[in-house]
Amino acid sequence: MKTKYIWLLAVLLSFTACNNDDDSSSTVDNLPPLTAGEADFSNYVAVGASFSAGFSDGALFIATQENSFPNIMSKKFEMLGGGSFSQPLMNDNIGGFVMGGTVVFNPRLYFDGSGPVVLPATPTTQITDHLSGSFNNYGIPGAKSFHLGIPGYASLNPYFGRMASSPTATVIGDAVAQNPTFFTLSEIGGNDVLSYATSGGTGVDQTGNLNPATYGVNDITDPNVFAASFSAAVNALTANGAKGVVTNVPYITSLAHFTTVPYNPIPLDAGTAAVVNNAYAAYNAGVAQAFAYLVGIGAVSQADADAEIAKRTIMFEASESNAVVIMDEDLTDLTAINPQLVSMRQATADDLLVLPASSFIGTEAVPGNPLTVNGVAIPLADKWVLTPEEQQAIKTATDAYNVTIESVANANGLAMVDFKSILIEASTTGIASGNYILNTSLVTGGLISLDGVHLTSRGYAVMANEMMRAIDATYGSNFEASGNFVDCGDYPTNYSPSLQ
């Protein structure tokens, strides 16, 4: 009963976004010369998280670092007097880390014709290695807002550890020490909700807790903690008059990591459906009896009881698309009445299953026993699904972060890229860039890499153009009008497994 993605075998690795028939790439004569406007690009420094680093396909590797949006932009800035742009490059195109000979961070993913799989190779980048020199790209995968100012963060994050100026350095301190004349501060706030989301909401919404030292790795950052951290970063970067661009936080639940796996992927024939339904009969009856008791003592209304009974009644049918069974901690706890009545229900279209669930749903906890199938006879644990309540917690925090970002950007005269609106467009109608229309579909959309969260190199090229568009609008440069946007078609959407 193991389920898998249904992939289009006709997908060509070299073409993963729809071509736009409108030939907008034709040469236009008499374009104005490129000008910087009020911006000084002589020393550009990027600060951010994995997107700034060029993280893609589940790893950081040389090819995507060279195609990171900061590196793409630096080439354009060079035309206006920008200096060299140094990045802490990995050792290979395998991605991942080793400690001695042991792999401690997995290599990158590649597309094997059926789906994303881990590259069968051993990384050559030692997790304990330290690079000498100074850098311009302080994109630190995994960094949350409050991590930017933590002394000693190098000991907690190997991506910063390999480039930090000292064991007690801070990310923002090292970035400011480069004396930037221009900066990007991008995707700050994304990781403050992302780990909660990718863990299926197993963390805690820490809204109201102002002490991040007490947070777990999968917790949502309090909006006031975020505001203080973001404001401190901007104040430090602008202290010497540098100009820059910030970005707001998109609704990450529209990324392919959360939209690819259907809530109803279970095929059952009539006989199997009958067996499974018989196994759930006692649970369904017990739920009804428990709520009858709660109504009888006045603990809940009959209307509320009927609504939850309907939600919790588990029923399969002969169909190719039965909904999985999930745990849901937001249901009424009935175990005090009957320990067997755990908080489970069948998923609906409002639930979001995380991408790794695709390889777990339909497996058997006890091989050969059809009554131990995960997602059918055994409910999926919290880590596999984001319920509507968990999604709302992410949205509420994201909205609060974005209020801060817009306010701080306006107060400091900074350019701002509205990534929230851009991702909404990409996940609905698709976003046009050059001769392509890209969307957030896994493998075929062209924008989102194989890990379902980070961008492809083509996506990072789109991001660079959006940054330059914002710079034009705020500082009077003319990257777009002078024909200096990059062609996203020059950047790949995937990398061959032979690239190592």
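The values are calculated or read from the model by the stated rules, or taken from the named source; none is laboratory data. Everything numeric in this text was worked out from a predicted model, so none of it was measured. A quick note on method: Cβ atoms are made from the backbone with ideal geometry, for glycine too, and the neighbour counts reach across all protein chains shown. In case anyone asks, the SASA skips ligands and DNA or RNA and just uses the protein heavy atoms, side chains included. Shrake-Rupley method; radii C 1.70, N 1.55, O 1.52, S 1.80 Å.
Rank Ile394, Ile471, Phe55 by how far each Cα sits towards the positive end of the charge dipole of the chain (+1 on Lys, Arg Cβ; -1 on Asp, Glu Cβ) and give me just the farthest.
About the Cα centre, the residue reaching furthest to the positive side is Phe55.
For a protection proxy built on the mean count of beta-carbon atoms within 10 angstrom, sort 113-120, 488-495 highest first, please.
Working: 113-120: 15.4, 488-495: 21.4.
Sorting 113-120, 488-495 by mean packing, highest first, produces 488-495, 113-120.
Sorting Thr332, Thr214 by accessible area (1.4 Å probe), largest first, what list results?
Listed by decreasing accessible area, they come as Thr214, Thr332.
At 1.4 Å probe radius, can you tell me the per residue accessible area of the stretch 248-349 in Å²?
Working: 4710 Å² over 102 residues.
With the other protein chains kept in place, the stretch 248-349 gives 46 Å² per residue.
Given the peptides 224-232, 277-285, 264-272, 465-473, arrange them by the average over their residues of other C-beta atoms within 10 Å, most packed first.
My ranking of the peptides, most packed first, is 465-473, 224-232, 264-272, 277-285.
Quick check on packing: order 126-133, 37-44 by the mean number of other C-beta atoms within 10 Å, highest mean leading.
Top of the packing list down: 37-44, 126-133.
With every protein chain left in place, what is the accessible area per residue of the stretch 411-500 in square angstrom, probe 1.4 Å?
Averaged over the residues of the stretch 411-500, the accessible area is 33 Å².
Take the Cα atoms of the stretch 66-222, build their convex hull, and give its volume per residue in Å³.
147 Å³
What full-extension length gain, to one decimal in nm, is calculated for Val342 and Ser482 as 0.36 nm per residue of separation minus the Cα-Cα distance?
On the way: separation 140, 0.36 × 140 = 50.40 nm, distance 6.28 nm.
Between Val342 and Ser482, full extension yields an extra 44.1 nm.
Rounded, prolate or oblate, given the Cα gyration tensor of the stretch 352-500, with a/c below 1.5 counting as rounded?
Oblate, because a/c is 1.5 or more while a/b does not exceed b/c.
At a threshold of 8 angstrom on Cα-Cα distance, excluding pairs fewer than six apart, so keeping six or more, what relative contact order does the chain reach in percent? Before the final figure, lay out the partial values.
Numbers: 1043 pairs, mean separation 109.8, N = 500.
That works out to 22 percent.
Using a 1.4 Å probe and counting only protein heavy atoms, arrange Thr428, Thr253, Thr35 so the residue with the most accessible area comes first.
So, going from the largest accessible area down, we get Thr428, Thr35, Thr253.
Using the charge dipole of the chain (Lys, Arg: +1 at Cβ; Asp, Glu: -1 at Cβ; taken about the Cα centre), state which of Leu455, Ala290, Phe146 has its Cα farthest towards the positive end.
Final value for the positive-end residue is Phe146.
Roughly how large, in nm² to one decimal, is the mean projection of the convex hull of the alpha-carbon atoms in the chain?
The orientation-averaged projected area of the Cα hull of the chain comes to 26.4 nm².
Roughly how many debye, to the nearest 20, is the charge dipole of the stretch 238-397 about its Cα centre, given +1 on each Lys and Arg Cβ, -1 on each Asp and Glu Cβ, and no other charges?
Computed about the Cα centre, the dipole is about 400 debye.
Given charges of +1 on the Cβ of Lys and Arg and -1 on the Cβ of Asp and Glu, with all other atoms neutral, how large is the dipole of the stretch 330-409 about its Cα centre, in debye to the nearest 20?
Numbers: 3 positive and 10 negative charges, 48 e Å.
Roughly 240 debye for the stretch 330-409.
Using a 1.4 Å probe on the protein chains only, how many percent of the accessible area of the chain belongs to carbon and sulfur? Let's see the in-between values first.
Values: 11140 of 20390 Å².
That share works out to 55 percent.
Report the FRET efficiency, 1/(1 + (r/R0)^6), for Ser498 and His130, where r is their Cβ-Cβ distance and R0 is 30 Å, rounded to 0.05.
0.50
Using a 1.4 angstrom probe, figure out how much accessible area the stretch 43-122 has per residue, in square angstrom, rounded to the nearest whole.
Values: 2560 Å² over 80 residues.
Dividing the accessible area of the stretch 43-122 by its residue count gives 32 Å².
Please report, in debye to the nearest 20, how large the charge dipole of the chain is about its Cα centre when each Lys and Arg carries +1 at its beta carbon and each Asp and Glu carries -1 there.
860 debye
For every other residue with a beta carbon closer than 14 angstrom to the beta carbon of Met327, add +1 if it is Lys or Arg and -1 if Asp or Glu, then tell me the sum.
-4
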